[in-house]
Amino acid sequence: MNVSDDDKIIAAIHRIDKRVERIERVLLGDEEAEQDGLVHKVKNHSEYIENDKNFRNKVLGGIAVGTPIFIVIWDKLLHIIGLK
């Protein structure tokens with residue numbers, strides 16, 4: 001190997017190193033630029049999905065419990081005002 005081959009190899013290694021650093025910043029984020037990486041975004045998205053599921057379950061549970069109570073109250077009101 002001669003010097004020019006060594007220089008080409010070193011240049012190729014530097015290019016690969018820069019690409020690896022860019023991939024790392026995309027995946028893990030850049031603290032200096034205060035940018036979240038994909039890993040952090042996926043974690044946040046998973047937490048959002050779980051919170052959304054819990055909220056929907058609470059709403060559906062409230063509807064399931066509230067509907068019969070509303071029907072009983074409505075029926076009592078109809079009896080009180082004499083429409084039933």
Measuring from its Cα centre, the chain shows a charge dipole (+1 at each Lys and Arg Cβ, -1 at each Asp and Glu Cβ) which, in debye to the nearest 20, is 920
GNM on the chain, C-alpha springs below 10 Å: top fluctuator among V20, V72, V42? V72
Given axes a ≥ b ≥ c from the Cα gyration tensor, I'd like to know whether the stretch 40-84 is rounded (a/c under 1.5), prolate (a/b larger than b/c) or oblate. prolate
The set of residues whose placed amide H lies less than 5 Å from the amide H of G29, leaving out same-chain residues fewer than 5 positions away, is G37, L38
For the chain, with +1 on Lys and Arg beta carbons and -1 on Asp and Glu, the positive-most of V65, A12, L38 along the dipole: V65
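The numbers here are math on the coordinates, done by the rules we state, and not lab data. Bear in mind the structure is a predicted one, so any value in this text is a computation, not a measurement. No Cβ is skipped: glycine too gets one built from the backbone with ideal geometry, and neighbour counts run over all protein chains shown.
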